[in-house]
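A short worksheet on the structure shown next.
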Amino acid sequence: MNDNRNYKFTANSNIKRKEFEAIIKIIPPKSRVVDLGCGDGMLAKLLIGNGVDCEGVEISQSGVSSAKRKGVKVIKGRIDTRFPFKDKQFDYSVCNVTLQMVMFPEVLFDEMVRISRYQIVTFPNFAFFLNRIQLLLNGKMPTFMLFGYEWYSTGHIHQLSVRDFEDFLRNYKVRIVDKDFIYPKVRYGLFPNLFSTLGIYVTESL
């Protein structure tokens, strides 16, 4: 059975995701960055290669080991708890497609606001129209964005939408600096809560 609740990375893991390019373009060289839930360290490695001072936090031991092999400074631990970092220690904190997988997303984002001036959060948009159709017609939890997993074997424990995330941000003293969306195959450009599969948000602490 496929199960992604406890990620295991191989020694030579080099996972590349389509949103990496967008994140790299947002962060200028010489920025101080922490990648929260950095996985195998591939995004951090690419940022370092772009002249960014980046380190990571990862709960999976295999992810920590893989990131260290790439030359990334990484510590092992949860990301939805108090971080061992000083206030505004970083220019940017990044949480890439992980907010929906932690037990306390509000604690995670609160800490991101504390430790960095800017926050970059990406997340799957579970309000994508094919998910809506699947739930409406089949009466079952949508699996389109679970990538081969089932509702009971996925780490996506907080399924949110673009609208949900913008509502969520109202709880914090931040402003949205920029936002972008990834669309499957065709870039519709309009109605991201309906047609996009991934949201990319940049916020700034006030």
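Values quoted throughout were computed directly from the atomic coordinates according to the rules given, and no laboratory measurement underlies them. Fair warning: this is a prediction, and the values are worked out from it, not measured in the lab. No Cβ is skipped: glycine too gets one built from the backbone with ideal geometry, and neighbour counts run over all protein chains shown.
Here are the numbers for the structure shown:
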item	result
Any pair with Cβ under 9 angstrom, 6 or more apart, that starts in the range 20-49 at a residue that is within 20 Å of Glu111 (Cα to Cα) and ends at one that is charged (D, E, K, R) and not in a strand (DSSP E or B)	Leu36/Glu111; Ala44/Lys70
Strands (runs of 3 or more DSSP E) completely within the range 53-138 that count 3 or more residues being of a type outside the set (A, V, I, L, M) and farther than 12 Å from Gly37 by Cα	90-96, 116-124
Qualifying positions in the range 165-184 - more than 12 Å from Tyr201 (Cβ to Cβ) and without any contact (Cβ under 8 Å) to a residue 60 or more places away in the chain	Asp167, Arg170, Tyr183, Pro184
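To keep it simple, each residue is scored yes or no on (1) over 17 Å from the mean Cα position of the chain (by Cα); (2) crowded, with 20+ Cβ neighbours inside 10 Å.
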site	(1), (2)
Phe109	no, yes
Val121	no, yes
Phe128	yes, yes
Phe147	no, no
Glu150	yes, no
Thr154	no, yes
Ile157	no, no
Asp164	no, no
Asp167	yes, no
